[in-house]
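Nothing in this text is a laboratory measurement; each read-out follows from the coordinates by a stated rule. The structure displayed is predicted, hence computed values, not measured ones. Glycine also receives a Cβ, built like all others from the backbone with ideal geometry; neighbour counts cover every protein chain displayed.
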Amino acid sequence: MTAGRAETRGDADGSEQSSDAPVIGANLNGRPHRLLDELDLLDASGTTWLRAFIDVRRKLEAGTDPDDDPDVVALRRAARDRGCKLIVSLKWDFKANWGDKAPINVPPPGSTFEEDLHRCALRYLRAIRAPVDVVVLGNEPMWETLDEDVKVEDPSIVRFTRDLKERLVREGDHGDPAYLVGAFNRAHHADTREKQYPHFYREMLEFVGEDEDVDGIDLHVHYGAFREAEEMVAVGRAAVPDGTLMVTEFSPVWRYYRHRYTPIDGSDAGERFAREYGVPAGTTTVEYIEAAKRRPRPPGEVADFYDAMPWYNVDFVSDMYDLLDRFDVEVGTFGFLAGLGMRNEDWTSGWLPFHINFLFQPVLMQAEGGLENTAHPHYVEDYRRLARRDG
C-alpha cells in the first residue's frame, strides 16, 4: 500500500487541488511530548500529518511502560483526538550520537539484544492504539550506525532492517502502514552514495525493489543552496521511480548556518530594520537571536527581521511544496515547535539554526494569548493551505 494521496477536490477558495498533490505536515523528531499541553496547535495550523521518531534503544534502556510514555500519549491523542495521520520513524542510534548511550554494534540475528529491540519497537507502535499510517524502519542509519556495520561490503544494518520489517509485518498490531527505508541523507553527494556508502545504498534499494511489503524511501533534505534540495529529491525519485517517496525533514539550515555571524545591518534592509528596532550596529544574527531568547520579541518584529535578512527565505514553505510536487513526493514534514525549553540552550557556539525555520517559535516570540500566536508570520498561511487534505 501507499500512504494515500488526496482526492481531487475543490478548496474553499474555489481552486482545485490535484489528487497527486503533496501534503505539508509537522515534524517533532523525538519530542512529540511537547504537544501534550499544546494539542490546540494542531487545530490552529490545520495539521493533518504528524511525524516523530521513537529512539528505541533509549526507550528500551529506560524501561518505561510505553502505554504511559508521554511521547506515545502525545501521538495517540494527535491521532485519536485530532485526526492526524502518523509517520513514525524507528531510531536505533547504535553509534550513540544522542543521550548517554554507549556505541554498540548492530546485534547479530537471533540474539537476545535484537529480540529486545524488535519487541520494544512492537510494544511502542502497539501502545499508540491508533493506526500508524507510515513506519520508517530507521531514522538516519548512515549517521547512526558504526562504520563497520554500514561502510562495508555486507552492511549488517541492512540485514537488521530486513529482519525488523519481517517482525513488524508478522506480529505488528499497529494498522496497515506503508513501510519505508531511510532516511537517506545528503543524497545529492555522489561521493556519499558511491564511495562512502555504496553497499548500503545498493542493498537498501534492492530491499525496496524486491520486498512487496516495502513501499519506498524517506529522505532528509537539509540544504544550503536550493539546487541541493532539488538534487536530493531528484535522486530519491530516480531510486524509486514507481514507489512512495517522503521527505520527513527539510530545511535550509546550512544556508542559515553560514550567516549566523553575519551583521544584520550589513544590507540596506537590515540597516533599516536595526534602526527601526534600536538594534546596535554590528549585531550579528546569533546575538540578536540570543537576545530574543532572553527577552522574547513581538511576532511582528521577528517577521520584520526575517523579511529584512537577504539570506532568509520567507517563501520557504511554498518553494519546498513546489519541489515536492514536481517529484511526486506524497508527504513532507518540517520543524513544528521551537518550544520554551530551547531558551536554556546555548546558541553562541556551534549553533545549527533549525529553530528559526520552525512553524511555531515561542522560543523567540512573545506568546500573549497562547502559543498559537507564535506561528511563523511568513509561513503559517502557506502551511495551513498546503496541510489540508480530504480523508
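Summary table
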| quantity | calculated |
| --- | --- |
| Relative contact order (%) - criterion: Cα under 8 Å, at least six apart; region: region 264-350 | 30 percent |
| Theoretical ellipticity at 222 nm over the chain - DSSP helices of four or more residues, -39500 (n - 2.57) apiece, nearest 500 | -10500 deg cm²/dmol |
| Under the Karplus curve 6.51 cos²θ - 1.76 cosθ + 1.60, θ = phi - 60°, whole-Hz ³J(HN,Hα) for region 37-48, x wherever Gly or Pro sits | 9, 9, 4, 4, 5, 5, 6, 4, 9, x, 5, 10 |
| Mean Cα-pair separation over length for the chain, i.e. relative contact order, pairs under 8 Å, 6 or more apart, % | 19 percent |
| Euclidean distance of C-alpha centroids, region 115-187 and region 320-382, integer Å | 27 Å |
| Between region 29-88 and region 245-307, the alpha-carbon center distance in angstrom | 30 Å |
| Only Lys, Arg (+1) and Asp, Glu (-1) charged, at Cβ; the chain dipole about Cα centre in debye | 740 debye |
| Cβ-based charge dipole, region 42-124, positive-most Cα from Ala74, Ser45, Gly63 | Ser45 |
| Lys91, Lys151, Lys195, Lys59 arranged by Cβ crowding within 10 Å, fewest neighbours leading | Lys195, Lys151, Lys59, Lys91 |
| Difference of contour (0.36 nm per residue) and Cα-Cα distance, Asp40 to Asp68 | 8.0 nm |
| Förster radius 41 Å - calculated FRET efficiency between Arg275 and Ala225, Cβ distance, rounded to 0.05 | 0.85 |
| All lysines inside 20 Å of Lys101 as judged from Cα atoms, apart from same-chain residues fewer than 8 positions distant | Lys59, Lys91 |
| GluC sites (Glu not before Pro) lying in DSSP loop within region 112-185, provided at most 13 other Cβ fall within 10 Å | Glu153 |
| DSSP-loop chymotrypsin sites (Phe, Trp or Tyr not before Pro) across region 41-147, with at most 14 other Cβ within 10 angstrom | Trp98, Trp143 |
| Point-charge dipole on Cβ atoms (K/R +1, D/E -1) for region 132-245, about Cα centre, debye to 20 | 360 debye |
| Förster radius 45 Å - calculated FRET efficiency between Arg258 and Asp176 (Cβ-Cβ, nearest 0.05) | 0.55 |
| Farthest toward positive dipole pole in the chain [+1 Lys/Arg, -1 Asp/Glu at C-beta], among Thr161, Gly182, Cys84 | Cys84 |
| Region 262-391 shape via C-alpha gyration tensor axes, a/c threshold 1.5 | prolate |
| Fully extended contour minus Cα-Cα distance, from Asp81 to Asp213, at 0.36 nm per residue | 44.6 nm |
| Likely footprinting exposure, Val235, Val247, Val302, fewest C-beta neighbours within 10 Å first | Val235, Val302, Val247 |
| Virtual spin-label span in nm between Leu352 and Val169, 7 Å along Cα→Cβ | 3.3 nm |
| Dipole of region 248-391 [Lys/Arg +1, Asp/Glu -1 at C-beta], most positive-end residue of His259, Phe327, Ala308 | His259 |
| Low-density loop cleavage sites - chymotrypsin sites (Phe, Trp or Tyr not before Pro) in region 220-287, where at most 12 other Cβ are within 10 Å (DSSP) | Tyr261 |
| Taking only Cα atoms of region 171-222, radius of gyration then Dmax in Å | 12.9, 40 |
